[in-house]
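First comes the structure, then the notes that go with it.
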Amino acid sequence: MYSMRSFWIYTLARLGIIVAVGLILFPFLGFTLVMAVAAILIGALLSYLFLGRMRAQVAADIEGRLTRRAQAKKPKSTDEATEDRIVDNGL
C-alpha cells in the first residue's frame, strides 16, 4: 500500500538538504535571492545524487497506488448509465 510516511520522509530530506546548503552559502552570499536560487539548485542536485533509493521507493509506491486505482471499477451512476445508453443507441 502507498505509504505517505515514505513520501514525507523523502520531502523532508530534500528540504533539509536545501536548508543545509543555504546555511553553508549564507556567510558567502548573504541572505539574497542569489543565495536562495543557488541553494535550491545545489540542493536539487545533491538530493538527486544522494536520495535516489528513497526517490525510487516513493515513485514505486505512487505507481502501485495508481495501478490499483485504475483496476478498481467504480459503479456507474444512473445518470452516466442513461447517457451511455442514449449515446450507444444514437438517439
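Only the coordinates and a few stated rules stand behind these numbers; no lab work does. Being a predicted model, the structure only gives us computed values, none of them experimental. In this analysis, Cβ positions are derived from the backbone assuming ideal geometry, glycine residues included, and neighbour counts consider all displayed protein chains.
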Out of Asp79, Asp61, Asp84, which single residue is touching a helix residue (DSSP H, G or I) at 6+ places or on another chain (Cβ under 9 Å) and farther than 21 Å from Val21 by Cβ?
-> Asp61
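One line per residue, one yes/no per condition, for (1) within 30 Å of Arg5 (Cβ to Cβ); (2) of a type in the set (Phe, Trp, Tyr); (3) in contact with a His (Cβ under 6 Å, 6 or more places away or on another chain); (4) in contact (Cβ under 8 Å) with a residue 24 or more places away in the chain:
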residue	(1), (2), (3), (4)
Pro27	no, no, no, no
Arg55	yes, no, no, yes
Lys73	yes, no, no, no
Thr82	no, no, no, no
Among the residues of region 20-77, how many are in contact with a Ser or Thr (Cβ under 9 Å, 6 or more places away or on another chain) and more than 25 Å from Ile9 (Cβ to Cβ)?
-> 0
Segments classed as helices (runs of 4 or more DSSP H), wholly inside region 1-82, with at least 2 members that are among the hydroxyl-bearing types (Ser, Thr, Tyr) and surrounded by 11 or more Cβ atoms within 10 Å (Cβ to Cβ) = 4-29, 33-50
